[in-house]
Amino acid sequence: MKLPSRVQLVDVGPRDGLQNEKQPVPAAVKIELVHRLQAAGLKEIEVTSYVSPKWVPQMADNHEVMSGMQRQGGIRYSVLTPNLKGYEAAVLDRPDEIVVFGAASEAFSQKNINCSIAESIERFAPVVEAARAAGIAVRGAMSCTVGCPYEGEIAPERVGYLAGLMKGIGVQRVDVADTIGVGTPLKVQAAIEATLTHYGVDAVSGHFHDTYGQALSNTLAALEMGVWNFQSSVAGLGGCPYAKGATGNVATEDVVYLLHGMGIHTGIDLDALVDAGAYISAQLGRPSGSRVARALLAKRAG
Ligand code: HMG
Ligand code: MG
């Protein structure tokens, strides 16, 4: 077992974290969140998505957020694009990376993006081609790699199959996502193993929702395989509108605490990150979903 010495985190809070909020979150708040995340040392931020506003109203202000934020050099700003229509709108806002998002489960693909896995790949192919021709990086999110809210357990072979399709259309790196947070370490490792038949370990990231409280264990299980890219959400915000009952991503604060405690570098200032989480939690009017943030805030108050 050789743990990585450095981990790169993508904070997906502004996108995955906020997409499911019922009350509209003002674009100015989303922009302030991005600013606070970059001030805390995040080098990758998933800002928004260019999806149908009828499907996900909360992301309808994508242009306002992308054009309103002050970018810092050396930071990769990514956005979700499910089809060419989304890509064409996104590209005007100059993302550094676009994310196509497919699923290892047919039923989830239908519910989330209204098409089969095969059709999704047909839609993604011209998006990937256009992005790469424009010098924009391309990531592929793979949902339901261990479990699906509609189909139950998902076999690793189906993850491998999807990873192969992503590779075939030129997706440069992929996220192994546990959309509904049902995974446990050995199952997550099997999903990663299946992905590694098509992608090198440097091109695989872990995206774990924490619905069942397993996300940190799953993160450690992925680290043990040499995975060093992860997605997490400040204050543990989030959930997918098409995965009922699924809660947010593992909190970035919790992952950073875990990593720093193990001597693994992230470049992130945990105190500043806790402040960013406190800011968005106050805006949403609820306590942070991060255990580490709550503990550190209580310690500060005392
Ligand atoms: P559809 O209805 O099949 O699309 O939706 P369509 O091509 O038939 O078009 C229907 C209407 O949508 C048309 O408008 C299009 O113009 C419009 P109308 O003529 O009716 O006024 N439209 C769009 N508008 C804006 N942007 C677009 C776009 N495309 C079409 N890109 C579609 C298909 C993919 C658009 C829809 O299903 C959709 O928007 N789904 C988004 C679902 C979503 O955002 N889910 C959450 C993100 S994924 C996630 O959270 C998982 C992840 O975190 C990993 C994990 O945890 O698993 C990534
Ligand atoms: Mg997600």
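The values are calculated or read from the model by the stated rules, or taken from the named source; none is laboratory data. Source: prediction; values computed, not measured. Cβ: placed from backbone, ideal geometry, glycine included. Neighbour counts: every protein chain shown. Side chains included, ligands, DNA and RNA excluded: accessible areas come from the protein's heavy atoms. Shrake-Rupley method; radii C 1.70, N 1.55, O 1.52, S 1.80 Å.
Quick look at the values:
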{"quantity": "Cα-based Kirkwood hydrodynamic radius, the chain, one decimal, Å", "calculated": "18.8 Å"}
{"quantity": "Whether the stretch 35-89 is rounded, prolate or oblate, judged on the alpha carbon gyration tensor where a/c under 1.5 counts as rounded", "calculated": "prolate"}
{"quantity": "Compactness of the stretch 196-302 as Cα Rg over 2.2 N^0.38 Å, two decimals", "calculated": "1.11"}
{"quantity": "Accessible area, probe 1.4 Å, largest first, for residues Glu157, Glu46", "calculated": "Glu157, Glu46"}
{"quantity": "Dipole of the stretch 1-49, positive direction: furthest Cα of Pro24, Gly13, Gly41, with charges on the beta-carbon", "calculated": "Gly41"}
{"quantity": "Surface accessible to a 1.4 Å probe, per residue, for the residues of the chain, Å²", "calculated": "40 Å²"}
{"quantity": "Dipole of the chain, positive end: most advanced residue of Val204, Ser105, Pro95 [Cβ charges, Cα centre]", "calculated": "Pro95"}
{"quantity": "Lone cysteines, the chain (no partner Cβ under 4.7 Å)", "calculated": "Cys115, Cys240"}
{"quantity": "Cα gyration tensor shape for the stretch 63-152, rounded if a/c is under 1.5, else prolate or oblate", "calculated": "prolate"}
{"quantity": "Sequence-distant residues sharing a close amide H with Phe208 (under 5 Å, placed H)", "calculated": "Asp178, Gln231, Val250"}
{"quantity": "Relative contact order [Cα under 8 Å, 6+ residues apart], the chain, whole percent", "calculated": "21 percent"}
{"quantity": "With every protein chain in place, the chain: carbon and sulfur % of accessible area (1.4 Å)", "calculated": "53 percent"}
{"quantity": "At R0 = 30 Å, FRET efficiency that the Cβ-Cβ distance of Glu106 and Gln172 yields, to 0.05", "calculated": "0.75"}
{"quantity": "Of Lys111/Lys167; Lys85/Lys167; Lys2/Lys111, those spanning more than 32 Å from alpha-carbon to alpha-carbon", "calculated": "Lys2/Lys111"}
{"quantity": "Packing-based ranking, highest mean first, of 87-93, 288-294 given that Cβ atoms within 10 Å are counted", "calculated": "288-294, 87-93"}
{"quantity": "Three-way shape call for the stretch 1-78 based on the alpha-carbon gyration tensor, with the a/c threshold at 1.5", "calculated": "prolate"}
